[in-house]
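Q: A single structure is presented below for examination.
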Amino acid sequence: MTPLAGARVLVTGAGGFVGPHLVAALVARGARVRGAGLGVPPPGTPLELWQEADFADLGQARAAVGAESLDAIVHLAGQSSAARSFEAPEETFRANVSGTWTLLEAVRALAPAARVLVVGTSEVYGSLVPGTPATEDMPFAPLSPYSLSKAAAEEVARAYAETHALDVVRARPFGHTGPGQTDRFVVPSFARQLAEIEQGRAEPVLRVGNLDVTRDLTDVRDIVAGYCALLERGARGEAYNLCRGEGVHLRALVDELVAMANVTVRVEVDPARLRPADMAWLVGDPARIARDTGWSVERPLGRTLHDVLDDWRTRAG
């Protein structure tokens, strides 16, 4: 148990997409939050301190962890794009595997009593049999350099917890989106295109990749509430899925976004947007986190899609 009111929390990778949402959620619960990483957080992110740090470098990881006494750490830092991982596998492994090892080495030496939430990915499960939601006890079957690196990082975290008795909890979030996400990811990519078409800056064609996939998609603001719940109530040494527990077909998601737009568009497959390996069906079972913490998804997916489209209307304006 790590009560967040008054807790001193370090968020690595606080300058990424999820980081500012998590910092806001932690501060709202009374935590004192420091951030560290390579990307600078957006202005107004309520951090007590920001520190530049490459967590694949042990010296920089030690400097970030040892700057102040800590009660908890959330490890978000890393390379988070599966598509990017095919282009830069070595960079991906360095960021995700070495970055987790060096963080835990720093924790072992400088903050051995802190709770550490290591954020992984549902993509470690690979492509599931349709109709069979992933449980945390399923074996890993990663298909991309990204998911391979995250599977390896999880094994590093598990080993450090067992060998060095660190208070490690592992999170496996399924797909999540929301305001502020880069258009390297699927929902904001669609939203950006639609916003630019609405504003007359692009022809009325929505270019997509493979739409014949089913995903378990959640709002980032629900996901960070889950991270807070795991910091406070997750079981030491355990792994947890964070997901809605329901699948959405990507073609239906595109149809819903297009219906929200103020223009008529046609949808075309762009071969450049196809991955070398893709998972046809990836849906999770959130029973364990619901049992241990009481967390569940609250925001309807339609509300999230509307928020992402509005975000890109503002950015594209």
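Q: Assess whether PHE174 counts as being surrounded by 23 or more Cβ atoms within 10 Å (Cβ to Cβ), of a type outside the set (A, V, I, L, M) and not assigned by TED's automatic domain parsing to the domain that holds ALA25.
A: So PHE174 fails the test.
Q: Given the conditions (1) part of a helix (DSSP H, G or I); (2) at pLDDT below 95; (3) touching a strand residue (DSSP E or B) at 6+ places or on another chain (Cβ under 7 Å), report the number of the one that SER127 does not fulfil.
A: (1)
A quick yes/no check of all residues on (1) surrounded by fewer than 23 Cβ atoms within 10 Å (Cβ to Cβ); (2) of a type outside the set (A, V, I, L, M, F, W, C); (3) closer than 25 Å to ASP222 by Cα:
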site: GLU68; (1), (2), (3): yes, yes, no
site: PHE93; (1), (2), (3): yes, no, no
site: ALA109; (1), (2), (3): yes, no, no
site: PRO112; (1), (2), (3): yes, yes, no
site: THR121; (1), (2), (3): no, yes, yes
site: VAL124; (1), (2), (3): no, no, yes
site: SER144; (1), (2), (3): no, yes, no
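Q: A follow-up question, please. Being under 29 Å from ASP212 (Cβ atoms) and in a loop (DSSP other than H, G, I, E, B) is true for just one of VAL258, VAL263. Which residue is that?
A: Checking each option against the conditions leaves just VAL263.
Q: Go through segment 278-288 and count every residue that is of a type in the set (Gly, Ala, Ser) and part of a strand (DSSP E or B).
A: Of the residues in segment 278-288, 1 are of a type in the set (Gly, Ala, Ser) and part of a strand (DSSP E or B).
Q: Name, by its number, the condition in (1) part of a loop (DSSP other than H, G, I, E, B); (2) in contact (Cβ under 8 Å) with a residue 24 or more places away in the chain that does not hold for LEU104.
A: (1)
Q: Also, I was wondering about something else. Filter segment 31-68 down to the residues that are in a loop (DSSP other than H, G, I, E, B) and closer than 20 Å to VAL169 by Cβ and list them by number.
A: ALA31, PHE55
Q: Quick one: what pairs do we get from segment 127-141, first residue touching a residue at least 60 places away in the same chain (Cβ under 8 Å) and outside the structural domain of PRO276 (by TED's automatic domain parsing), second among the β-branched types (Val, Ile, Thr) and part of a strand (DSSP E or B), C-beta under 8 Å, 6+ apart or different chains?
A: Within 8 Å, the pairs are PRO130/THR214.
Q: Return the only residue of ARG275, ARG291 being surrounded by fewer than 17 Cβ atoms within 10 Å (Cβ to Cβ), among the charged types (D, E, K, R) and part of a loop (DSSP other than H, G, I, E, B).
A: Residue meeting the stated conditions: ARG275.
Q: A follow-up question, please. Among (1) free of Cβ contacts under 8 Å to residues at least 60 places away in the same chain; (2) farther than 26 Å from ARG291 by Cα, where does ALA82 come up short?
A: Going through the list (1) free of Cβ contacts under 8 Å to residues at least 60 places away in the same chain; (2) farther than 26 Å from ARG291 by Cα, ALA82 breaks only (1).
The values are calculated or read from the model by the stated rules, or taken from the named source; none is laboratory data. Everything numeric in this text was worked out from a predicted model, so none of it was measured. Every residue, glycine among them, receives a Cβ derived from its backbone with ideal geometry; neighbour counts consider all protein chains shown.
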